[in-house]
C-alpha cells in the first residue's frame, strides 16, 4: 500500500477516509497516515478523528506538508471548489507533494477516459466513454457522467448528480445534490447549482441557478 495524507477535517474528508478503508478490504491500496488541517477547525487542538472504529491521526497544519522533504501523496478532501483550488495552489509550492487520482470501490470507469491530477471518484460513480476530467475534480457518491462529457478543473458533483452525453462543465463549478443536465448543455465557469436543479439550457459563467427547470437566481 502507498502512504497517503488527507487534507481537511469535515464530512468530505471523513467519508473519503471511510471509503478508502472499504476499498482496502477488497484491494489494499492506500495507507492513510493522517490528516492536515488548521487547528482552529478542531477547537484550538489537534485531535484524532474517528470514523467508525478507525482513527485518523492529526498531523499538523499546511506547513507540515510544505516542509516535507520526501515524496508524499496528498488528497485534498474538501468539497467546495474555490477552497480546493486555493489549497492545491498553495501546496504546489512543494514539488515533492503528489496528487494521485483516487478511485474508490464500486465504480465503473471506461478505459478511454482522461483525468488530470488530484481527482476523487467516489463509490457508486459511473463515467462513460470519451469523458475528460480536469485537475482536482470531485465526483461524490453515485454521480454519473455520460459519453463525451468534459469537466473542467476543480469541479464538484455532489451525490447523485447526473449529466447526459456531450455536457461541458467549466472550471470551479459546484453542482448540488441530485442535479440533472440534459444532453449537449454547456455550463460556464464558477456556476453553482442548487440541489435538485434540472438544467435544460446553457448556463453563463458565474451564475447561481436552481429549480425545475433551472433558472438564474443570482
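Computed from the coordinates by the stated procedures, all read-outs in this text should not be read as laboratory data. What you see is a predicted model, and the numbers here were worked out from it, not measured in a lab. Here Cβ is always computed from backbone atoms with ideal geometry, including for glycine, and neighbour counts include all displayed protein chains.
Take every Cα-Cα pair in the chain and report what % of them are more than 21 Å apart.
Values: 12498 of 23653 pairs.
Every Cα pair in the chain considered, those over 21 Å come to 53 percent.
Please identify which residues in the stretch 1-20 have an amide N closer than 14 Å to a label point set 7 Å out from the Cα of residue 29, following the Cα→Cβ vector.
Those under the cut-off are 1-4, 16-20.
Rounded to the nearest whole Å³, what is the per residue volume of the convex hull around the Cα atoms of the stretch 101-209?
With only Cα atoms used, the stretch 101-209 gives 63 Å³ per residue.
For n ≥ 4 DSSP H runs only, could you compute -39500 (n - 2.57) per run for the chain, divide by its residues and tell me the 222 nm figure to the nearest 500?
-4500 deg cm²/dmol
Take every Cα pair under 8 Å in the stretch 63-185 that's 6+ residues apart, average their separations, divide by the length, and report that relative contact order as a whole percent.
In percent, rounded to a whole number, it is 17.
Would you compute, for the Cα atoms of the stretch 66-146, the largest minus smallest coordinate along each principal axis and list the three values in descending order, in whole Å?
For the stretch 66-146, the Cα extents along the three principal axes come out at 39, 24, 20 Å.
May I ask you to derive the relative contact order of the chain, considering only C-alpha pairs under 8 Å and at least 6 residues apart, and to give it as an integer percent?
That works out to 11 percent.
Once you have the Kirkwood Rh of the stretch 2-99 from its Cα pairs, apply Stokes-Einstein at 4 °C and 1.567 mPa s and quote D in µm²/s.
Rounded to a whole number, D works out at 94 µm²/s.
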